[in-house]
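Each remark here refers to the structure printed beneath this line.
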Amino acid sequence: MKEKISFNLLEEKDMRFLSEVLTNESILAALHNEKLSYDEWLDVYRKYWKNDTDEKHFIMFFEDNPAGWIKINGLDGNNIAWLSMLAVTPEYQRKGLGTKAVSFFENYISDRGFSSAGINTTEDNSAAQKLYKKCGYEITERSESVMGDGSKMISYTFFKKL
């Protein structure tokens with residue numbers, strides 16, 4: 001039986017879906033990202049993401065439907081890697097994708113020799129904070145950050161020893 005939730009490495013053909021995710025108003029608000037067009041996201045993929053060895057992007061699927069995106073970075077380091085983005089489309093929220101994404105992230109980096117995992121989120125993203133605490137992460141730092149959309153927010157760094 002096929003797993004309900006799966007992850008595929010991001011490819012150029014997935015950028016249409018990802019640009020839709022990243023222009024969804026509720027996701028934009030939670031991530032505090034700047035709104036970019038499909039062509040702008042495609043350019044980002046081609047110029048920065050496609051051949052970056054320090055980070056990997058994955059599309060999450062619920063059954064056979066694309067349902068979200070995760071970005072892992074710090075892969076060129078040697079001790080701690082980061083889940084730097086996690087976005088689930090509104091219609092697939094509250095179906096276990098966030099928990100599964102964190103587990104996928106931990107397994108992915110553990111398989112590559114990392115012993116620690118880090119995640120950042122903002123003070124106003126209580127759903128993300130709840131998820132990370134549920135997955136065994138602890139807040140280790142609180143700081144002010146300037147977000148992609150230019151807003152200043154208090155952000156939390158979560159940490160977990162694997």
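The values are calculated or read from the model by the stated rules, or taken from the named source; none is laboratory data. It should be emphasised that the depicted structure is a prediction, and the values quoted were computed from it without experimental measurement. Neighbour counts run over all protein chains shown; Cβ positions are idealised from the backbone, glycine included. Just so you know, the surface numbers come from the protein's heavy atoms only, side chains and all, with ligands and any DNA or RNA stripped out. Shrake-Rupley method; radii C 1.70, N 1.55, O 1.52, S 1.80 Å.
Given the options 84, 115, name the one that is farther than 18 Å from residue 27 by Cβ and either in contact (Cβ under 8 Å) with a residue 40 or more places away in the chain or of a type in the set (S, T, N, Q) (or both).
Numbers: 84 fails: farther than 18 Å from residue 27 by Cβ.
Checking each option against the conditions leaves just 115.
Given the options 139, 119, name the one that is of a type in the set (A, V, I, L, M) and open to solvent by less than 70 Å² (accessible area, probe 1.4 Å).
Result: 119 is the single residue among 139, 119 that is of a type in the set (A, V, I, L, M) and open to solvent by less than 70 Å² (accessible area, probe 1.4 Å).
If we keep just the residues of the range 23-57 that are closer than 25 Å to residue 124 by Cα and outside any helix (DSSP H, G or I), which is modelled with the highest pLDDT?
If we filter the range 23-57 for residues that are closer than 25 Å to residue 124 by Cα, which is where we start, we get 23-36, 57.
The next check asks that each one be outside any helix (DSSP H, G or I); those that pass are 23-24, 32-36, 57.
Numbers: 23: 90, 24: 90, 32: 85, 33: 83, 34: 82, 35: 87, 36: 89, 57: 98.
Top of the filtered list is 57.
This table checks each residue for (1) more than 24 Å from residue 102 (Cβ to Cβ); (2) surrounded by 18 or more Cβ atoms within 10 Å (Cβ to Cβ).
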{"site": "4", "(1), (2)": "no, no"}
{"site": "13", "(1), (2)": "yes, no"}
{"site": "21", "(1), (2)": "no, yes"}
{"site": "39", "(1), (2)": "yes, no"}
{"site": "61", "(1), (2)": "no, yes"}
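In this structure, is residue 83 under 16 Å from the mean Cα position of the chain (by Cα), at pLDDT below 95 and surrounded by 18 or more Cβ atoms within 10 Å (Cβ to Cβ)?
Spelling it out, it is not the case that residue 83 is under 16 Å from the mean Cα position of the chain (by Cα), at pLDDT below 95 and surrounded by 18 or more Cβ atoms within 10 Å (Cβ to Cβ).
Please name all residue pairs, on different chains or six or more residues apart, with Cβ atoms under 8 Å, provided the first residue is in the range 118-132 and is under 10 Å from residue 153 (Cβ atoms) and the second residue is open to solvent by less than 10 Å² (accessible area, probe 1.4 Å) and in a strand (DSSP E or B).
Short answer, once both residue conditions are applied: 121/158.
Pairs under 6 Å by beta carbon, first residue more than 18 Å from residue 83 (Cα to Cα) in the range 53-72, partner open to solvent by less than 50 Å² (accessible area, probe 1.4 Å) and at pLDDT below 95, six or more apart or different chains?
So the pair list comes out as 62/5; 62/92.
Residues in the range 14-59 that are farther than 30 Å from residue 144 by Cα and either within 16 Å of the chain's Cα centre (by Cα) or among the polar types (S, T, N, Q) (or both): how many?
Going through the range 14-59 one residue at a time, the tally reaches 4.
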